[in-house]
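Taking it in order: structure first as structure tokens, then the write-up.
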């Protein structure tokens, strides 16, 4: 891992134009439309002006799997997504032109044999008027790159689920080809689609992109707690704990206190939590902070 190169690298801005087709495709890959008779879901996937699911910001102007580039010096085969946060500043239009600007903000050294934590942040803005749309923060766990003598700063655990029954539970199925469909957004890592790559990384078969699973969690919260208005889920963050395999059903359990939500996602029929985190709701879409 080339520490100074990573911290000082000037990533070029990435521009992307998208339209109704891309907006509907993203919604389909986040589980919208799984019930084709539910008109609340269909507004995200049907017609020439579908409503954009807020979690689409995760894939817009995305730099892809840039940790694989030789200049980084990262042992990319052993990289996994540790944490992800999406802060929505304005509702996404159903079509437009956006620009993403990425930077590495910090690298923590967990020690030889324990890896490193690479913190990065991407600002997403409207390319035509400069309006900030979203801020995306992520922590990549580089399991093969620790021991360089850097500062060790542990990540605080996500809030524990309250000791009571969930206020809402949502089950959403994924498709056997879910990862292959998600690759169409340009967020391509071979471990999610190519069986030999997954086996080389220590998994029996390809597993879902972490941000794909997070998109399903965002969908579940919008469905159960925001009357299917995804724009009201303005801040969502999570820690990834266990992989999800395409074709599994995701069970999201939610606990709500006012505008604050604690949630956990589990693959149905398997023990262990796939991801856990928090979300913030606004009373209406007009309340999204600038």
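In table form, for the structure just shown:
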| read-out | value |
| --- | --- |
| Distance between modelled label sites at residue 257 and residue 5, nm, 7 Å Cα→Cβ extension | 4.6 |
| Which of 18, 32, 245 has the fewest Cβ neighbours within 10 Å, and the rest in rising order | 245, 18, 32 |
| Between segment 33-81 and segment 133-206, the alpha-carbon center distance in angstrom | 13 |
| Crossing angle, helix 210-225 versus the chain [Cα axis fit, 0-90 degrees, rounded to tens] | 30 |
| Packing rank of 195-202, 7-14, 80-87, where each peptide gets the mean count of other beta carbons within 10 Å, highest leading | 80-87, 195-202, 7-14 |
| Estimated [θ] at 222 nm from DSSP helical runs (n ≥ 4, -39500 (n - 2.57)) normalised by residues in the chain, nearest 500 | -4500 deg cm²/dmol |
| Segment 3-287, relative contact order [Cα under 8 Å, separation at least 6], % | 18 |
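Every number here is computed from the coordinates shown, using simple stated rules; none is lab data. All figures in this text were calculated on a predicted structure; none of them were measured in a lab. Positions of Cβ are generated from backbone atoms using ideal geometry, with glycine treated the same way; all protein chains shown enter the neighbour counts.
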